[in-house]
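Visitor: Take this structure, written in structure tokens, and hold onto it; I'll ask about it next.
The values are calculated or read from the model by the stated rules, or taken from the named source; none is laboratory data. In this text the structure is predicted, and so the values were computed from the model without any measurement. When we count neighbours, we look across all protein chains shown, and the Cβ atoms used for this are built from the backbone with ideal geometry, even at glycine.
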Amino acid sequence: MDIPYTVAPRQDTGLYNAKVGIWLFLASEVMLFGALFSSYILLRVGAQEEMWPQGWLNVPVGTANTLVLITSSITTVMAWASLKMNQFNKFKFYHACTILLAFTFVGIKSYEYHDKFNHYEFTLANGTFADGHMHENHLKQEGAAWTGYAIIEGHVVTEEAELYNLKKHKPAAHSEIRVEGPQIKRMGNYGPWHNTYTAIYFTLTGLHALHVIGGALVIGFLWGPGSKMWKTDPERFTNRIEISGLFWHFVDLVWIFLFPVLYLL
């Protein structure tokens, strides 16, 4: 039995089934990310003055990743347009570019995550704070005390607020610092457990990255085994490419909002 409206539009909506489905799905995605963006706004508005991080993210790297994702949206459109013009080889080329750009985006984001997990803040017994990237870690925890030492590339400040608004408090030139274990009252890296900002940052960007990976897997299937449908039902296959493209544009749009909110404001 043939499934109706896989190619022809429905009379009630004017759209074929898959397009109705993707718009309903994207509506639920809007609610999901809308709730997370709203949470971010409420958390920021309610944060203590001078204690909301600014300047913690690498703007040039984020800008490069934005360009990568925007370019991938262009190649997705070109892949769909190629099928509309019956140019299957061009479709394969443009969709291959989309997949490559998708994993380039994830690779750059992984580099940013690694940077955060290797970035440590130490609260020292003398009331100062050491902050920087870990070079050597010979620390061992015995109960509540630390033994050994760590070597970081960073700087020492007297007020924790100096570590938060880096746009206002320009960090001093970094140098190699040896942090002795007995001096440490508390230490931790800049993972999602570090503070409210890193928690919402990793939640938003991590969920977005999962969407990028999921979308890339679908596009990869349509580029590979799924492309056999082009020989048997080219119009339906073209519709599938359009649907995957709509999802990909949504992923791109979410990042267009994430980039200025997290990196620039």
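Visitor: Can you pull out the residues in region 218-228 that are surrounded by 15 or more Cβ atoms within 10 Å (Cβ to Cβ) and free of Cβ contacts under 8 Å to residues at least 24 places away in the same chain?
Guide: GLY226, the sole residue that qualifies.
Visitor: Still on this structure: Answer yes or no: is there a residue in region 48-64 that is among the aliphatic types (A, V, I, L, M), more than 14 Å from the chain's Cα centre (by Cα) and farther than 30 Å from GLY154 by Cα.
Guide: no
Visitor: Could you check region 238-251 and list, in sequence order, the residues that are buried (at least 20 other Cβ atoms within 10 Å of the Cβ) and either farther than 15 Å from ILE22 by Cβ or among the aromatic types (Phe, Trp, Tyr) (or both)?
Guide: TRP248
Visitor: Hey, does region 41-54 have a residue that's small (Gly, Ala, Ser) and buried (at least 18 other Cβ atoms within 10 Å of the Cβ)?
Guide: no
Visitor: Right, here's the next one. Just the residues that are out of contact with any helix residue (DSSP H, G or I) (no Cβ under 8 Å at 6 or more places or on another chain), closer than 30 Å to VAL261 by Cβ and not small (Gly, Ala, Ser), please, taken from region 203-237.
Guide: Of everything in region 203-237, those that are out of contact with any helix residue (DSSP H, G or I) (no Cβ under 8 Å at 6 or more places or on another chain), closer than 30 Å to VAL261 by Cβ and not small (Gly, Ala, Ser) turn out to be LEU210, LEU217.
Visitor: Same structure, new question: Is it the case, given these coordinates, that VAL68 is of a type outside the set (Asp, Glu), within 23 Å of LEU204 (Cα to Cα), in a helix (DSSP H, G or I) and out of contact with any Asp or Glu (no Cβ under 8 Å at 6 or more places or on another chain)?
Guide: yes
Visitor: Moving on. Going by the structure shown, is PHE202 crowded, with 16+ Cβ neighbours inside 10 Å and farther than 15 Å from ALA81 by Cα?
Guide: yes
Visitor: Looking at the structure I just gave you, is GLY215 of a type in the set (Gly, Ala, Ser), surrounded by 13 or more Cβ atoms within 10 Å (Cβ to Cβ) and within 20 Å of ASN137 (Cβ to Cβ)?
Guide: For GLY215, the condition - of a type in the set (Gly, Ala, Ser), surrounded by 13 or more Cβ atoms within 10 Å (Cβ to Cβ) and within 20 Å of ASN137 (Cβ to Cβ) - is not met.
Visitor: Counting just the residues of region 67-99 that are β-branched (Val, Ile, Thr) and touching a residue at least 24 places away in the same chain (Cβ under 8 Å), which one comes out farthest from ILE256 (Cα to Cα)?
Guide: Applying the filter and picking the extreme gives ILE99.
Visitor: Sort through ALA27, ALA64 and tell me the only one that's of a type outside the set (S, T, N, Q), over 21 Å from GLY226 (Cα atoms), in contact (Cβ under 8 Å) with a residue 12 or more places away in the chain and in the same structural domain as PHE237 (by TED's automatic domain parsing).
Guide: Exactly one of ALA27, ALA64 is of a type outside the set (S, T, N, Q), over 21 Å from GLY226 (Cα atoms), in contact (Cβ under 8 Å) with a residue 12 or more places away in the chain and in the same structural domain as PHE237 (by TED's automatic domain parsing), namely ALA64.
Visitor: Please specify each residue of region 78-112 satisfying the condition of being of a type in the set (A, V, I, L, M), more than 22 Å from the chain's Cα centre (by Cα) and assigned to a helix (DSSP H, G or I).
Guide: The answer is MET78, ALA79, ALA81, LEU83.
Visitor: Sticking with this structure for a sec: Taking the stated definitions as given, is SER244 more than 24 Å from the chain's Cα centre (by Cα) and in a helix (DSSP H, G or I)?
Guide: no
Visitor: Step by step: first the residues of region 225-265, then only those that are among the β-branched types (Val, Ile, Thr) and farther than 14 Å from ASN65 by Cα, then the one that is modelled with the lowest pLDDT. Which residue is that?
Guide: Among those residues, the one meeting the criterion is THR232.
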